[in-house]
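Worksheet: one structure, shown below.
Please treat every number below as a calculation from the coordinates, not as lab data. None of these values were measured; they are calculated from a predicted model. Ideal geometry is used to build each Cβ from the backbone, glycine not excepted, and the neighbour counts take in all protein chains shown.
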Amino acid sequence: MNTSDTQFDPTQERKLSLSAHAMVLVIVCLIGLVGNTVATDIPIADGFVGLIVLYVISMIGLLLTEMVPVKLPSVAWISLVGILLTLPWTPGSEWIIAQATNVNFLTLATPCLAYAGIAIAQQEIDIAKSSGWKIFIVAVLVMTGTYVGSAAIAELFL
């Protein structure tokens, strides 16, 4: 058994601190604000307030993930907070909904996907190295098949 096998445990859960989550969310919000302003006719101030509301909802959900003994994924807690805050009988729900409608959610996908692409850790690189050239062939075939399949569907139905 070599040393790289002892250092890498694929079952080990990686976890960001709350402050790291906060910083990543700030970056995503700033990039999302630029995208929201450029892609839509929504004024920057309205988009900013909407993103602040979404940021606060996300941070409350992340805090609950850390503090509540019930182990649920953070996305579940964030969704639950968002749902509870926008229920019709929740005070201020109309304002929260009005602010959230000032955010084009498709523009938020760009920074999130970019972060996911950048977030390839050393562990994933080690897995790719240990898999060798075979994984490259599989990746090329999968991407080619996806492209050809999409082109065929577009040609047939569009």
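Structure above, values below:
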{"read-out": "Among PHE136, PHE105, PHE48, residue whose mean-square fluctuation peaks in a GNM of the chain (springs only between Cα atoms under 10 Å)", "value": "PHE136"}
{"read-out": "Stokes-Einstein translational diffusion, the stretch 3-119 - Kirkwood Rh over all Cα pairs, 0.692 mPa s, 37 °C, in µm²/s", "value": "208 µm²/s"}
{"read-out": "Leading residue at positive end of dipole, the chain (Cβ point charges), from LEU108, VAL138, GLY47", "value": "VAL138"}
{"read-out": "Helix-only [θ]222 nm of the chain, DSSP H runs n ≥ 4, -39500 (n - 2.57) each, per residue, nearest 500", "value": "-25000 deg cm²/dmol"}
{"read-out": "Cα-based shape type of the stretch 37-106, given that a ≥ b ≥ c are square roots of the gyration tensor eigenvalues and the cut on a/c is 1.5", "value": "prolate"}
